[in-house]
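Below: one structure, written as structure tokens.
The values are calculated or read from the model by the stated rules, or taken from the named source; none is laboratory data. Note that this is a predicted model, so its numbers are computed, not measured. Positions of Cβ are generated from backbone atoms using ideal geometry, with glycine treated the same way; all protein chains shown enter the neighbour counts. Heads up: the accessible areas ignore ligands, DNA and RNA and are worked out on the full protein's heavy atoms, side chains in. Shrake-Rupley method; radii C 1.70, N 1.55, O 1.52, S 1.80 Å.
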Amino acid sequence: KRGVVVSRSNGARGENGGAALRSGAGELEQCGVGTLSPPTMCDQLQQKIICPGLVSCLTASPNGLYILAGIAESIYLWEVSSGNLLAILNRHYQDLTCLCFTDDSSHFLSGAKDCLALVWNLYSVLQVESTQIPDPRHVWSRHTLPITDLCCGFGGPLARAATASLDQTVKLWEISSGELLLSVLFDVGITAVTLDPAEYHLFCGGMDGSVFQVELCAWPVQRDRNFQTERENGKTFKGHRNQVTCLSVSTDGSLLLSGSHDETVRLWEIQSKQCLRTVTHKGPVTNAFIVLAPANMLHPDSKPNVPLPKFSKHLHGTESSDAQGGEGVTLRLGLHQQGSGESYLERAERLYSQMCSTREKNLMGDQEQLKIQVTDLEEEVRTLRKINKNLFEFSARFLTKSAK
């Protein structure tokens, strides 16, 4: 009733249970939903997508309309319904490590080895032409070592976001203003972070295999806090023997799921810090999370009603993508005019000026009168240039004589 654990292979990030990732080969695979048992391969392989490089992180928007993938230093944005590649964002200087959407799909966050976390407005990214590079809404540069994980709370653009880093800190931010709300320093590097649904607690996975529980409503309120394991009794989950790679909290806030490089996934009861179940895999666990169980999950013949289209390798609107001859209609929100980056007010002002100039032309008469006026204006420009030249020469002579 609380949900189903869906296992993922190397580096997958997503909100829905129908996608998986094989980053070592630079391929994306659309799969069916797994169960708590460790699957050998994807249950239902629907499509394999060859990517331009190794995929280090992957996520899907909660509304199911878009997919983000981190490939080297670039962020690739696809539209699920059409398979069109809508944008390639190049604002990081090192490889991407994590991606996530806000719960309303209006914004997404990216973290990389360059110690930067960027907040992107999806609307702004979609309305910018492929030849232009959109600017992120916020650039968070308070970390001093690579960012390993990030997560968003509830509230859309008003939500809070947490970033984890190898610099042994976890920082809590406000997306709307971009301000830093809290910074927690640990004894080890942090490799995973998540919030509970009520956002009362922050769960942080460490390099040593420990999972730390941080109270966000602790008194007194401090922006900078130190989490010392020996002093924080009853706030550490111990059981993993290697670094924690992923964390997820159940919808009712009672269970915590953790994956580790020790090849195990553990299910914890948060209140007692007891491990309820351990699942062993045949290799390091790179990602796992809890999602609500689909109604037809246990049906043996269940398949996606609408299979995914082929994902494009080229930006939508370029010659390479147009040559593919894809069918269908694509809606791009916020794109006011193809081939122009002007806003609505700029476009209205330009049209108004064109209308006024057309009216003036009609009042001035035929084409011959326009030619006469142009000739007169050119003659006036030549006269003004001559006067300006004479004034300059006179001033130069006057100044040189005064100096002598």
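Looking at the structure I just gave you, is Asp43 under 20 Å from Val279 (Cβ atoms) and modelled with pLDDT of 50 or more?
Considered against the rule, which asks whether it is under 20 Å from Val279 (Cβ atoms) and modelled with pLDDT of 50 or more, Asp43 comes out as yes.
Which one of these is part of a loop (DSSP other than H, G, I, E, B) and within 25 Å of the chain's Cα centre (by Cα): Thr251, Thr245?
Only one candidate passes the filter, namely Thr251.
Yes or no, residue by residue, for (1) more than 39 Å from the chain's Cα centre (by Cα); (2) at pLDDT 65 or above:
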| site | (1), (2) |
| --- | --- |
| Gln337 | no, no |
| Ser340 | no, no |
| Ser343 | no, no |
| Arg350 | no, yes |
| Thr358 | yes, no |
| Leu370 | yes, yes |
| Thr375 | yes, yes |
| Ile387 | yes, yes |
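Cβ-Cβ distance below 8 Å, separation of 6 or more or different chains: which pairs start in region 131-152 with a residue that is surrounded by 15 or more Cβ atoms within 10 Å (Cβ to Cβ) and end on one that is part of a loop (DSSP other than H, G, I, E, B) and among the hydroxyl-bearing types (Ser, Thr, Tyr)?
Cys152/Thr102
When the residues of region 257-267 are filtered to those that are farther than 22 Å from Ile147 by Cβ and without any contact (Cβ under 8 Å) to a residue 60 or more places away in the chain, which remaining residue is surrounded by the fewest Cβ atoms within 10 Å (Cβ to Cβ)?
My answer is Glu263.
Please verify whether Ser110 is buried (at least 22 other Cβ atoms within 10 Å of the Cβ), touching a residue at least 12 places away in the same chain (Cβ under 8 Å), among the hydroxyl-bearing types (Ser, Thr, Tyr) and under 23 Å from His314 (Cα atoms), treating the condition exactly as stated.
yes
Of the residues in region 226-253, how many are free of Cβ contacts under 8 Å to residues at least 40 places away in the same chain and open to solvent by less than 20 Å² (accessible area, probe 1.4 Å)?
Here the count works out to 2.
Sort out which residues of region 183-213 are of a type in the set (Val, Ile, Thr) and buried (at least 21 other Cβ atoms within 10 Å of the Cβ), and write them in order of number.
Those that are of a type in the set (Val, Ile, Thr) and buried (at least 21 other Cβ atoms within 10 Å of the Cβ): Val184, Ile190, Thr191, Val193, Thr194, Val211.
Which residues, counting only those in region 271-283, are open to solvent by less than 20 Å² (accessible area, probe 1.4 Å) and touching a residue at least 60 places away in the same chain (Cβ under 8 Å)?
Val279
Out of all the residues in region 255-274, is one or more among the aliphatic types (A, V, I, L, M) and either at positive phi or not in a strand (DSSP E or B) (or both)?
Within region 255-274, one or more residues are among the aliphatic types (A, V, I, L, M) and either at positive phi or not in a strand (DSSP E or B) (or both).
Would you tally the residues in region 202-242 being among the small types (Gly, Ala, Ser) and assigned to a strand (DSSP E or B)?
The total comes to 2.
Is it the case, given these coordinates, that Ala162 is touching a residue at least 60 places away in the same chain (Cβ under 8 Å), open to solvent by less than 20 Å² (accessible area, probe 1.4 Å) and within 23 Å of Ser105 (Cα to Cα)?
no
For region 275-319, what are the residues that are aliphatic (A, V, I, L, M) and assigned to a loop (DSSP other than H, G, I, E, B)?
Val285, Leu292, Ala293, Ala295, Met297, Leu298, Val306, Leu308
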